[in-house]
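Nothing in this text is a laboratory measurement; each read-out follows from the coordinates by a stated rule. Values in this document were obtained by computation on a predicted structure and should not be read as measured data. A quick note on method: Cβ atoms are made from the backbone with ideal geometry, for glycine too, and the neighbour counts reach across all protein chains shown.
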């Protein structure tokens, strides 16, 4: 082979390689903070989709959680998001954390797992129920987060004014755990799957004794004001070390969503990538073990993307 021909061949090979790389569809998944469940779950989904779907290059992004994710996806700064259903419903309506941005055009792709609203207090704070938080310093989650939204709703359901009856701190889950350990706050709220690594850290390291505050008594007032969004959820005592008995509380479902105008072909490939490799997906995190095709297609308050609905119908789990 002549030097000139070899040089031309090398250039062609490089250009061809670039064309292959350029042909990949790059997608990002907006997840959550590193101390929660969304980030490892979303990171695992990104890995599976990249490895199993030809032409996909998917990455997981650390974010502030549900509210951030919805705004990122609708702004075109992320392609796939994870959210609690209450935050997604607020986004659809353009209320709460979305009142300044207006209705968010999103669509469900899959229903995932139920999160538990963790209410954790220092044992020396003497908080046995939410109403005992009056006058206490409480982390209600990061400002504008879905944790803050449910914390405010639960405080209100317990007869407290969330703005004046507690001393509010807006801290992330990791910051809340640190503040509890250091005695800077009396209690914290956190929406998360089981187990949440930051909560595991709280109960297994440091010398602070904490209690998980039951809140099932708040379901009735929550149902009355926010029908269909919250349900009774029991935290099994085995999930976190040192919990002497199951804790009855509040649960909320999580969804994977996309922009309502995402191409049907892309949605179909995402779902096929997940459910054709379900055994691999279920290894991602303990919460991923519960993922099933039928469960992903369960009725939810945020309408499914038409392509997702067609996918579930074709797979025989939706009529």
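Tabulated results
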read-out: Ranked by how many other beta carbons lie within 10 Å on average, peptides 124-134, 255-265 from highest; value: 255-265, 124-134
read-out: Value in Å of the Kirkwood radius, where the stretch 121-225 supplies the Cα pairs that are averaged; value: 13.8 Å
read-out: 10 °C / 1.306 mPa s Stokes-Einstein diffusion coefficient of the stretch 65-133, Kirkwood radius on C-alpha pairs, µm²/s; value: 114 µm²/s
read-out: Within a Gaussian network of the chain (alpha carbon springs, distance under 10 Å), most fluctuating of 176, 115, 197; value: 197
read-out: Calculated [θ] (222 nm, deg cm²/dmol) that DSSP helices of n ≥ 4 give over the chain, each run adding -39,500 (n - 2.57); value: -11000 deg cm²/dmol
read-out: Descending principal axes extents, the chain, alpha-carbon based, whole Å; value: 83, 45, 38
